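One structure is given below, encoded as structure tokens.
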Amino acid sequence: MPHREAAVVAFASGKGGTGKSFLTTSLAIALHRRGRRVVVVDCDFGLANAHLLFGVKPVYTMRNVLDGGVTTEQSLTATPHGPMLLAGGSGIASLCELDAGHMALVARSMQWLARSFDVVLIDSPAGLAPQALLMALAATHVVVVTNPEIAALTDAYALIKCLSRQPGCPELHLAVNRVLEPGLGLLTYERLAAVSKQFSGCSLHYVGEIAEDPAVTHRRLGQEPLLVSHPTCRTSLAIQRMLATMQQQMAGLEPIVCTGGGIDQRMTAQLARW
Ligand SMILES: Nc1ncnc2c1ncn2[C@@H]1O[C@H](COP(=O)(O)OP(=O)(O)O)[C@@H](O)[C@H]1O
Ligand SMILES: [Mg+2]
């Protein structure tokens, strides 16, 4: 039966701390303001922090869904600025420690979310663990988040190489965060895109750069997201531009009509290769 499914975008990185959670939560708020029903899934279980960036204290997390007794719907937390959140919960095993049975439960949960929202944004764990790759491969688009420095770039390339080798790899996009001078993002993209094309035969799309901004680093617990408190500062404007570019590159981020399998089948297919 044909059914409607959300655009699913995974934010991934090779190295930790590149700004995935900052970008995921900011873009979610920007999308909500454009009238979309959006949910953020915090899959960085061990280091979950999307709830802190949204300023909420979740009652339930993905852990409760995996333990049973709580439905995906019941596990959602409404955030003050519009998006819904399926929190990751901290102090629990990381996504990367889940076994195939648990990953099948995650797949079921993702299916419900994809059928209930317009856009699903996944805040993925950093690194190349099979579970992290699986989350990214099940998305309709992957945004690899990197910083311009060499360690982050090397790890971004390792991730791109791993993802692009898998059958059914979604379109790959690149966001460059914490850029110290304007234009460095594009330069970084051009280098990485050339290497990816030459050695992995894969194309990368550039979604833009965000400057290094002390206002992001120094945000304190309980403070509103930058996009809410300073909607016209240069970082908030850069987020808006990034979203506009993503919409151009990702078919408007509109829900898609699935004639065959949806996200659960994409995840199950990836699990079968595991
Ligand atoms: N553009 C930026 N300018 C300054 N600091 C940033 C920027 N983006 C992210 N940060 C900071 O970098 C750290 C890591 O960001 P986070 O979004 O948690 O990364 P990840 O989710 O990839 O681990 C946080 O302390 C965050 O405040
Ligand atoms: Mg994070």
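The values are calculated or read from the model by the stated rules, or taken from the named source; none is laboratory data. Note that this is a predicted model, so its numbers are computed, not measured. Neighbour counts are summed over all protein chains in view; Cβ atoms, including those assigned to glycine, are modelled from backbone coordinates with ideal geometry.
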### Message
When you check ALA151 against the structure, is it surrounded by fewer than 21 Cβ atoms within 10 Å (Cβ to Cβ), closer than 25 Å to ASN49 by Cα and modelled with pLDDT under 95, yes or no?
### Response
yes
### Task
With the condition kept exactly as written, say whether any residue in the stretch 129-139 is under 17 Å from the mean Cα position of the chain (by Cα), in a loop (DSSP other than H, G, I, E, B) and farther than 24 Å from ILE210 by Cα.
yes
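Mind checking which helices (runs of 4 or more DSSP H) fall wholly inside the stretch 1-100 and carry at least 1 residues that are more than 16 Å from ligand 1 (Cβ to nearest atom)? Please lay out each step first, then the result.
Details: elements: 20-33, 50-54, 62-67, 72-75.
It comes to 20-33, 62-67, 72-75.
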### Task
Six or more apart or on different chains, Cβ under 9 Å: which pairs go from a residue in the stretch 81-103 that's over 20 Å from SER116 (Cα atoms) and at pLDDT below 85 to one that's among the charged types (D, E, K, R) and crowded, with 19+ Cβ neighbours inside 10 Å? Could you list them?
GLY89/ASP42; SER94/ASP44; LEU95/ASP44
### Query
If you check VAL143 against the conditions, is it closer than 30 Å to GLN198 by Cα and assigned to a strand (DSSP E or B)?
yes
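Okay, residues lined up against (1) under 19 Å from VAL228 (Cβ atoms); (2) surrounded by fewer than 24 Cβ atoms within 10 Å (Cβ to Cβ); (3) not hydrophobic (A, V, I, L, M, F, W, C):
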| residue | (1), (2), (3) |
| --- | --- |
| HIS3 | no, yes, yes |
| ALA10 | no, no, no |
| PHE22 | yes, no, no |
| VAL41 | no, no, no |
| GLY55 | yes, yes, yes |
| THR61 | no, yes, yes |
